[in-house]
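The values are calculated or read from the model by the stated rules, or taken from the named source; none is laboratory data. Everything quoted here is computed from the prediction, not taken from an experiment. Cβ sites come from the backbone with ideal geometry, for glycine too, and all protein chains shown count toward neighbours. What goes into the accessible areas is simple: the full protein's heavy atoms, side chains included, and nothing from ligands, DNA or RNA. Shrake-Rupley method; radii C 1.70, N 1.55, O 1.52, S 1.80 Å.
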Amino acid sequence: MLRQAREALRLDGASGATGLQVSVNRRRKVVRLAYVGPFTQGRPGAHWYAAHHALPRLLSRAANATVHAYVYDPDEGEEVLAYGNGRRVGGERVVYDNVELPEGRPEDLDEAAFTHMQSRWPMGHLAHVFGLSRKELLRLPRAGLGRVLSLEEDSSADVESALEALLPGGVAPHAH
């Protein structure tokens with residue numbers, strides 16, 4: 001996995017990443033990967049991920065599984081892309097300024113109706129695929145169960161043991 005992460009950085013023309021943050025939801029066996037580096041922080045980081053997909057492409061090919069990549073900017077919108085066997089196989093994007101609200105005044109939209117509407121947006125749909133709530137998926141980067149793996153380490157045994165400690169018995173990967 002770290003080999004693919006380093007190769008993806010090279011393919012994406014990025015430098016300065018020091019690690020790979022691994023966040024886990026054990027209940028659903030979902031793993032979130034995100035680079036630790038100056039180019040991935042804050043809103044500019046979300047935009048960087050929107051344009052750089054080498055990691056999910058490489059991981060989907062190596063794992064022979066679907067890998068989901070997502071971009072979430074709470075002020076602008078959200079996007080989820082799916083990769084299988086190194087190719088993009090699906091995706092959806094919502095720009096919040098372009099969302100059509102139900103008839104009536106926006107202030108008439110109650111919280112339950114708005115939550116239902118969000119559940120059909122890309123992050124809500126991805127959460128459903130993983131058996132999580134939208135809120136759980138969005139909280140994953142700040143979840144207590146996680147670790148930063150150094151991109152300098154080269155021992156696959158160390159990576160495997162770290163991942164096994166975080167999530168015994170396998171994973172359903174997705175990249176941020």
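Below is a table of values for the structure above.
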read-out	value
Principal axis box of region 36-130, alpha-carbon based, largest edge first, Å	48, 29, 18
Accessible area per residue in Å² at 1.4 Å probe, computed on region 1-107	54
Potential extension, Leu145-Lys29 segment - 0.36 nm per residue separation minus Cα distance	40.6 nm
Those GluC sites (Glu not before Pro) in region 2-101 that DSSP places in a loop and that have at most 10 other beta carbons within 10 Å	Glu100
In degrees, nearest ten, helix 42-51 long axis to first principal axis of the chain (Cα)	80
Of all accessible heavy-atom area on region 7-59, the percent that carbon and sulfur account for (1.4 Å)	52
The chain: equivalent-ellipsoid semi-axes (sqrt of 5 x gyration tensor eigenvalues, Cα, Å)	30, 18, 15
